[in-house]
1. With the structure loaded, tell me whether VAL192 is under 17 Å from the mean Cα position of the chain (by Cα), farther than 21 Å from VAL66 by Cβ and not aromatic (Phe, Trp, Tyr) or whether it fails that test.
2. Restricting attention to region 91-107, report how many residues are surrounded by 20 or more Cβ atoms within 10 Å (Cβ to Cβ) and in a helix (DSSP H, G or I).
3. Scan region 200-222 and report the pairs whose first residue is at pLDDT 95 or above and whose second residue is assigned to a helix (DSSP H, G or I) and surrounded by fewer than 19 Cβ atoms within 10 Å (Cβ to Cβ), with Cβ atoms within less than 6 Å and a gap of 6+ or a chain change.
4. Among the residues of region 155-175 satisfying the criterion of being closer than 14 Å to LEU96 by Cβ and outside any helix (DSSP H, G or I), which is modelled with the highest pLDDT?
Amino acid sequence: MPSSLDFHLYGTARVVRRDGKERPHPASYNGESRSRGVGRFSATLFLLWVPCVVNVVFAFLGMQCVGSSGEKMPQQLFGLTGSAYIGAMILSIEALQYVNFPTKELGKSCKMIPVMLFGVLFAKKQYSVREYLCVALITTGIVIFNLAERSNNEQDKRNSMYGLCLLVASLIFDGVMTSSQERLKAICKPTVYEMMFYTNAWALGFLSAAAFASGQWMKGSLFCADNPLVTGYVVAFSLAAACGQFFIYYTITTFNPLACATITTTRKFFTIVFSVITFGHSISLKQWGGVAMVFVGIGFYMHGKHKRPSSEEEHDCCQEESEASMRLLEEGDRDASCIGQRLSSSPE
């Protein structure tokens, strides 16, 4: 099990590193259009639609190569998961228009809290004291780090109540999605490709309706046709997103959504820390305190995950010994009853 978690950690880091180069994001591209003059790419729904299509194709090919679990998939639950997944992304992007980027990142740093809360309330998930403590340490450390960074950078302070409400709604959708994934694992045990395919297929259905109805699909298609550079960025972004989703759903199906939320949340934090180390940026003592809390929380979490298999093996071993003892006792009772019957039936 630890090697599988290491596989996901490595995969996520590599995908993020390849996708995280200093390139202009398609949504912020502002350049010369061959036939329509200067334009700005603003078709957000189109930018979400293309990766969804790539994700569906990627997962479908994986299902054809690996095979399915053979179990009936509860489409209503997948529909809830897909709608919550795409809703969280749309709300998060929309919130950026009303809150600054540090505030958005600060809010998403708390993603593990709704994941755990909704898991307990709706998926009937039980977490250990260790897991509660790890989530508290990691979340608090990231919040302290981001707040200290924000206090050092006084620019762009605009935040509206509407934007904060959108951010909270995005976190709620994250919680709904992860609790639905927990229920899916308990009901039908889907494979990584099945989880990825059905979630993205439902998300694509909702997203297609919104993109076509709003005209953003046509707007984005025309813009990409007039700007080949943007088309290349959208394709690269979509391929990287598909690879990243594979590792995300691998973690969800192999472990649980909380482990996935922990990895994806701390990944952004490590990006900042590596940037500080690589480029020699200065950070305050308060930020170093946040770094220490995150590392302690992650170390505590990983220690528990590496320690758990041995305890589970001991529990299984004890259970097998108990079952073997019960079988011996039952055989002994049967032998004793047979002997008693023979003695009673023998002539005196």
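1. No: the conditions fail for VAL192.
2. Within region 91-107, residues that are surrounded by 20 or more Cβ atoms within 10 Å (Cβ to Cβ) and in a helix (DSSP H, G or I) number 4.
3. TRP202/GLY79
4. Taking the candidates together, the pick is SER160.
The values are calculated or read from the model by the stated rules, or taken from the named source; none is laboratory data. Note that the coordinates shown come from a computational prediction; the quantities given were computed from them, not determined experimentally. We place every Cβ from the backbone using ideal geometry, glycine too, and count neighbours over all the protein chains shown.
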